[in-house]
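K.L.:
Got a structure here, written out as structure tokens. Questions coming.
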Amino acid sequence: MARLLLVCLGGALGSGARYLTALGAASLFGIAFPYGTLIVNIAGSFLVAFLMQMSMTTELLSADVRLMLTSGVLGGFTTYSTFNYETLQLAVEGEWPVAAANVAVTVVACLAAGVLGLASGRALVGSLA
């Protein structure tokens, strides 16, 4: 039960952070492209890979903290379902090039962020081990 509460608390924090990121991105970059969703998906891809690398190769994070951060905070923060909906809406509105760009940039950037997260975790663990 305690682990469930950690995930729920983390999810609330992650959802709030996602909302604030979306507001900030819309303010900075406009609303013609779903920048907020892209930003959280890239950041989330990096952070999940980084935290998993760190927690699976060291004892810096307990299993409970890892669960709260990855399933909770980052589960609430990343927004694949929102990405899917926004991409479909762009397509329905006839904005096929923007929809395709959203898919391509999201997939490539999130994979790259994941690779960087793993490499960062390995680099940090290597320097601490």
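The values are calculated or read from the model by the stated rules, or taken from the named source; none is laboratory data. Source: prediction; values computed, not measured. Every residue, glycine among them, receives a Cβ derived from its backbone with ideal geometry; neighbour counts consider all protein chains shown. In case anyone asks, the SASA skips ligands and DNA or RNA and just uses the protein heavy atoms, side chains included. Shrake-Rupley method; radii C 1.70, N 1.55, O 1.52, S 1.80 Å.
K.L.:
Could you list, in sequence order, all residues of region 79-122 that are touching a residue at least 12 places away in the same chain (Cβ under 8 Å), β-branched (Val, Ile, Thr) and open to solvent by 70 Å² or more (accessible area, probe 1.4 Å)?
P.N.:
Result: Val115, single match.
K.L.:
Residue by residue through region 37-70, note down the ones that are crowded, with 18+ Cβ neighbours inside 10 Å and among the small types (Gly, Ala, Ser).
P.N.:
Correct list: Ala43, Gly44, Ser45, Ala49, Ser55.
K.L.:
Quick one: Pro34 ticks every box in (1) over 15 Å from the mean Cα position of the chain (by Cα); (2) buried (at least 21 other Cβ atoms within 10 Å of the Cβ) except a single one, so which number is it?
P.N.:
Checking Pro34 against (1) over 15 Å from the mean Cα position of the chain (by Cα); (2) buried (at least 21 other Cβ atoms within 10 Å of the Cβ), the one that fails is (1).
K.L.:
Can you tell me which residues in region 1-22 are within 21 Å of Ala101 (Cα to Cα) and either among the β-branched types (Val, Ile, Thr) or surrounded by fewer than 14 Cβ atoms within 10 Å (Cβ to Cβ) (or both)?
P.N.:
The answer is Thr21, and nothing else.
K.L.:
Could you please tell me which pairs satisfy a Cβ distance under 6 Å, a separation of 6+ or placement on different chains, a first residue in region 7-34 that is free of Cβ contacts under 8 Å to residues at least 60 places away in the same chain and within 14 Å of Thr79 (Cα to Cα), and a second residue that is surrounded by 14 or more Cβ atoms within 10 Å (Cβ to Cβ) and of a type outside the set (D, E, K, R)?
P.N.:
Thr21/Gly36; Thr21/Ile39; Thr21/Val40; Ala22/Gly36
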